[in-house]
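Comments concern the structure below.
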Amino acid sequence: MKKDLQPASVLFFLLLWVSLSFAQRQDTTPVKLNAISERLYEIQGGRGARGGLYIGETGVLVIDAKMDLNSVTATIEEIKKKTDKPIKYLINTHSDGDHITGNKYFPQTVTFIAHENCRQEFFHPRRNGTPSDWHRPELAPFLPSVTFHGRMDIYLGSKKVELWYFGVGHTTGDAVIYFPEERTAFIGDQVFIGRHQLIHSYKGGNSFEHIKTLKKMLETLDAEKYCTGHSDIVDRDAILKHIRDMEARQGKVRSLIKRNKPLEEIKREFEEEEAELIESIYNEIESSK
């Protein structure tokens, strides 16, 4: 005799279907190149964060690596439509999986570059404490083999690409890749637009240092465009607004702490999606006492 599905079972299969459907939509998002100049492009689509492409005189530089084979294959196919020059360099802006997992699907002839702290964070345990996959020997060729400390320049012919490190923020190893002629900076996840900022405290990220880092970036670079990992290209004013919004959150948390409010009560003063950020701010304030 056929039994009716229990409500819990129906809910489980509904959630499973939604999850699979979402994953499939992510898998089938087409990769495309958004032209910033005749040499510089933003890489959109696929699974993983937005990245960048620079076509130099002697080769190609890619910024960030997507998450799976299909997305990397599609990225390389799109690059081949623009140039037959080889991919010489791939720069990881930081160590989050949606920026680095695809490294292993690029040719081993590519030189992988990152800030020295970013390379260390490749080996950092995941948020749940499980070991990183990057300890596996077969992945060694896809680790950053070139690192920098404060500043590094790359030349692909006569054109210069600037790599900058302005300090701790989203993680401890966030790099900024700046193209002076285009006055365009690729900044990874150092700024989220349209969603709440992520600060990876478990990797050493810090919201107060994040503000200092962004201010230093704005003071140093003459950029007009900022390409982020998860939003459309923004301008300097958008970065300044992000800084003001972050400072307002920090001020509110500090005020509530002075009123002896516990963490869970403080979280309820903000949107539910901000809980992780608010907890980071709270812990940073408490640890500085």
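State, to one decimal in nm, how far the label point of Asp235 lies from the label point of Glu219, with both points 7 Å from Cα in the Cβ direction.
Spacing of the two 7 Å Cα→Cβ label points: 2.4 nm.
Going by Cα centres, the stretch 149-165 and the stretch 264-287 are how many Å apart?
Here the answer is 38 Å between Cα centres.
Compare the Cα positions of Pro144, Ala175, Ile211 along the charge dipole of the stretch 29-235 (+1 at Cβ of Lys, Arg; -1 at Cβ of Asp, Glu; about the Cα centre) and return the one farthest towards the positive end.
Going by the Cα projections, it comes out as Pro144.
Kirkwood hydrodynamic radius, computed over distinct alpha-carbon pairs, for the stretch 159-270: how many Å, to one decimal?
About 14.9 Å, per the Kirkwood formula over Cα pairs.
Only counting other Cβ atoms within 10 Å, I'd like Ser280, Ser145 sorted with the fewest neighbours first.
Ser145, Ser280
How would you rank 204-214, 117-127, 252-262, highest first, on the average number of other Cβ atoms within 10 Å across their residues?
Ranked by mean Cβ neighbours within 10 Å, highest first: 204-214, 117-127, 252-262.
Peptides 150-158, 68-76: what's the order by average Cβ count within 10 Å, highest mean first?
68-76, 150-158
Mind checking which aspartates and glutamates have their Cα closer than 14 Å to the Cα of Lys82? Skip sequence neighbours fewer than 8 apart in that chain.
Reachable aspartates and glutamates: Glu38, Glu42, Glu57.
Restricting the calculation to Cα positions, tell me the Rg (one decimal) and the Dmax (whole number) of the chain in Å.
In order Rg, Dmax, the Cα atoms of the chain give 20.7, 77 Å.
Modelling each spin label as a point 7 Å along the Cα-to-Cβ direction, I'd like the Ala140/Lys82 distance in nm, to one decimal.
That separation, rounded to one decimal, is 3.3 nm.
Treat each spin label as a single point 7 Å out from the Cα along the C-beta direction, and report the Lys160 to Ile193 distance in nm.
Placing both labels 7 Å along Cα→Cβ, they lie 2.7 nm apart.
Using r as the Cβ-Cβ distance of Asn283 and Asp68, and R0 as 45 Å, what FRET efficiency do you calculate, to the nearest 0.05?
My answer for the efficiency is 0.85.
So, in Å, what gap is there between the alpha-carbon centers of the stretch 49-80 and the stretch 107-133?
What the calculation gives is 19 Å, centre to centre.
Bear in mind these aren't lab numbers, they're just calculated from the coordinates by the rules spelled out. If you're wondering where the values come from, they're calculated on a predicted model, not measured in any experiment. For neighbour counting, all protein chains shown are included, and Cβ atoms are generated from backbone atoms with ideal geometry for every residue, glycine included.
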